[in-house]
1. So, A:A307, is that one outside the structural domain of A:V145 (by TED's automatic domain parsing), crowded, with 19+ Cβ neighbours inside 10 Å, over 18 Å from the mean Cα position of the chain (by Cα) and not in a loop (DSSP other than H, G, I, E, B) or not?
2. Go through the range A:400-451 and give me each residue that's in contact (Cβ under 8 Å) with a residue 24 or more places away in the chain and assigned to a helix (DSSP H, G or I).
3. Of the conditions (1) closer than 30 Å to A:Y6 by Cβ; (2) modelled with pLDDT of 90 or more, A:P232 satisfies every one except a single condition; which number is it?
4. Return only the number of the condition from (1) more than 11 Å from RNA strand B (Cβ to nearest atom); (2) among the charged types (D, E, K, R); (3) more than 30 Å from A:E123 (Cα to Cα); (4) more than 18 Å from the chain's Cα centre (by Cα) that A:D221 does not satisfy.
5. Name, by its number, the condition in (1) over 19 Å from the mean Cα position of the chain (by Cα); (2) within 22 Å of A:I129 (Cβ to Cβ) that does not hold for A:N252.
6. I'd like to check something: does the range A:269-291 contain any residue that is within 16 Å of the chain's Cα centre (by Cα), within 15 Å of RNA strand B (Cβ to nearest atom), assigned by TED's automatic domain parsing to the domain that holds A:V141 and surrounded by fewer than 23 Cβ atoms within 10 Å (Cβ to Cβ)?
7. Among the residues of the range A:317-340, are any away from RNA strand B (no atom under 16 Å from the Cβ), within 29 Å of A:G436 (Cα to Cα), β-branched (V, I, T) and outside the structural domain of A:V46 (by TED's automatic domain parsing)?
8. For the range A:363-378, how many residues are more than 8 Å from RNA strand B (Cβ to nearest atom) and either assigned to a helix (DSSP H, G or I) or closer than 26 Å to A:H256 by Cα (or both)?
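The values are calculated or read from the model by the stated rules, or taken from the named source; none is laboratory data. Source: prediction; values computed, not measured. Glycine gets a Cβ as well: all are built from the backbone with ideal geometry, and neighbour counts include every protein chain shown.
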Amino acid sequence: MKIKLYNSNTKSKELFVPIDPKKVTMYVCGPTVYSYPHIGNARGPVIFDVLARLLRREFDLTYIRNITDLDDKIYQAADDEGVHISEVTQRYTKIYQEDMTALGVEKPDLEPLATEHIPEMIEMIQVLIDKKHAYESQGHVFFSVETFDDYGFLSNRTEEEQISGTRIKSSEIKNNQRDFVLWKPSTGETPGWDSPWGFGRPGWHLECSAMAKKYLGRTLDIHGGGSDLLFPHHENECAQSMCSHSGEPLANYWVHNGMIDFDNVKMSKSEGNLLLIRDLLKEIRPEVIRMAFLTTHYRKPINWNDALISDSGKKLDRLYGSIRQLGKISPGEPSEEVLNAIADDINTPKALSELFAIVKNINNAKSDEESRKLASILIGSAHLLGLMNQDAEIWFENIEVDKALIDHLLTEREAARSNRNFERADQIRQEIESLGVTIEDGPEGPVWKKL
RNA sequence: GGCAAGGUGGCAGAGUGGUUAUGCAGCGGCCUGCAAAGCCGUGGACGUCGGUUCGAUUCCGAUCCUUGCCUCCA
């Protein structure tokens, strides 16, 4: 199967060819664990989860998604709460993992912690200093951007544009405004580690370079993350890694997912419009959230609103509705069309349309046997997207309703119907609907689902 | 201002140099005690202006508009 990916580096869709024809390495930037994850934090994991599922069919995949448990925002959060830093990082790591599991995201092969790789980072800094790509200044170590001619190649930024993005101006401690920090001193309560340059902590770009190298080697097949990480984060990762090696690229394919807007405004800290996964899950079933992500191609922005949620739920109704009367179906091999859609730069909207094509065939099938065969393909295909993981009955009946009461009323209604007392039957229908459940009379008898 | 992406039918959202996207919603019909689900049929689209072409929503140029990145961010 030919897999194509849009490479942010070349700004074009390319045929995916791994370094090793049998093995693939993928590194995706994970969360900084200092608060509850919002839905924007979940889009990437869901998309790369779909990509991982596809890649695992073809290759021996090693997928790493790191946990950033070393960051000033974490120290701030711990300080605000008056608790130990590890309490904050462990709590939010656990919450993040729970939320991802809820959304059907399979675990990566490894979730390394930044704090467990300080020696690797120090080693990389030392190499950069030895190679004259970095310099020490007053307890800090800076990467010297002018020593790397290609700096800016990934994000396609000129020197002037790079400067406009720096916060700290050239000063007595920095030679060049573009230089970024590799190591900085820690004082007071701020955590730190001993290093050749004094007690301190690493800069925020370094962990990915160090951990990617340790576990996956010098050049990754795929490096992923949100599009807002392209600059400066990924640009700086490239600079560090390439200069500490011999100029080999950090990754052959750079894959970036788009952002989520909320009422057409980007969801971000500065906008104060973060929608937490945890809060959303109180109202919406997790599979609906996943469906909402897959509705739009991963590189485009998603506008998050009630219509998206309701549409996504209805799509799942149609998928599950097609297999509802078929009993237990085990997943089969996915359809070629669905596979090809995902292989074409993770075109999940196209893949969904292929799923609906199968649904149509199931609904038109002439025999139960044919339906079941198609349903098996449908479920196998949906699993590639991480959908349809539960029984159709559970999808429709799922909920906090009083099943016993509804079943009782249904029995009563059936009795009324068989006596052709339709007035009573409709009355009971009203009663049941007031409980938030609707009835569908089918050839096998009535079934119900949540409104 | 610089860089990047995009403007598709009522909404969401793929795709294509000439042929039905798909889902939801609408309309007509079948089915049903009534419904629902499902099925059949149906209307409605490619921002604007030029160019290339036998033919462009699809390629090229211009223009208007939108959005993102350039500061923490996924």
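1. No.
2. Correct list: A:L405, A:I406, A:L410, A:R413, A:E414, A:I432.
3. Result: A:P232 fails condition (2) only.
4. For A:D221, the failing item is (3).
5. (2)
6. The answer is no; no qualifying residue exists.
7. Yes, the range A:317-340 contains at least one residue that is away from RNA strand B (no atom under 16 Å from the Cβ), within 29 Å of A:G436 (Cα to Cα), β-branched (V, I, T) and outside the structural domain of A:V46 (by TED's automatic domain parsing).
8. Qualifying residue count for the region: 11.
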